[in-house]
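Everything on this sheet refers to the single structure shown next.
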Amino acid sequence: MSLPFWCIFISVLLIFVAKIPVAWAMKEEGGAYDNHHPRAQQARLSGFGARALAAHMNSFEAFPLFAVGVLMAHVSQSNGWLVDLLAVTFVVSRVLYLLLYWADLHWQRSLMWMLGLLCSLLLMLTPAL
């Protein structure tokens, strides 16, 4: 499996890693994780819990663009160091994004978000290069 495909796999895992602090915050918020009404419990989260939920949801939003970018590069046979670099940079930016969001470092988090978006868009453009 190619490095960019591994990066897709890691990006999927990051979506679920991002859920761990949400579940922890939900348990702290109500004394227990409410598996009967988790969305209602999530809506009551504040502070760290709300940030963790937002980071988790943003992971779902960022993934499709990245996956499409990798697949566009793959089907057009735009393989090479640039595609690998963009894919790895995306994953690193998303890990940092989660950590920065949880730590409430807003402008740094936004910078990582923009870097990840840029990587996804450049991956989509690699067939034109």
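The values are calculated or read from the model by the stated rules, or taken from the named source; none is laboratory data. What you are looking at is a predicted structure, and each value in this text was computed from that prediction instead of being measured. Note that we place each Cβ from the backbone using ideal geometry, even for glycine, and neighbour counts take in every protein chain shown. Note: accessible area is taken over every heavy atom of the protein model, side chains too, but ligands, DNA and RNA are not part of it. Shrake-Rupley method; radii C 1.70, N 1.55, O 1.52, S 1.80 Å.
Taking the residues in region 71-107 that are assigned to a helix (DSSP H, G or I), of a type outside the set (A, V, I, L, M, F, W, C) and open to solvent by 60 Å² or more (accessible area, probe 1.4 Å) as candidates, determine which candidate is nearest to residue 56 (Cα to Cα).
To start, the set of residues in region 71-107 that are assigned to a helix (DSSP H, G or I) comprises 71-75, 81-102, 106-107.
Pick out the ones that are also of a type outside the set (A, V, I, L, M, F, W, C) and you get 74, 84, 89, 93-94, 97, 101, 106.
With open to solvent by 60 Å² or more (accessible area, probe 1.4 Å) added as a condition, the list becomes 74, 106.
Numbers: 74: 27, 106: 15 Å.
Checking each candidate, the answer is 106.
So that you can scan it fast, the table gives a plain yes or no per residue for (1) of a type in the set (Ser, Thr, Tyr); (2) touching a Gly at 6+ places or on another chain (Cβ under 7 Å); (3) under 20 Å from residue 16 (Cβ atoms); (4) in contact (Cβ under 8 Å) with a residue 40 or more places away in the chain:
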position: 41; (1), (2), (3), (4): no, yes, yes, no
position: 44; (1), (2), (3), (4): no, no, no, no
position: 48; (1), (2), (3), (4): no, no, yes, yes
position: 51; (1), (2), (3), (4): no, no, yes, yes
position: 54; (1), (2), (3), (4): no, no, yes, yes
position: 61; (1), (2), (3), (4): no, no, yes, no
position: 67; (1), (2), (3), (4): no, no, yes, yes
position: 70; (1), (2), (3), (4): no, no, yes, yes
position: 77; (1), (2), (3), (4): no, no, no, no
- prompt: Could we say that residue 69 is more than 15 Å from residue 112 (Cα to Cα) and touching a Cys at 6+ places or on another chain (Cβ under 8 Å) here?
  reply: yes
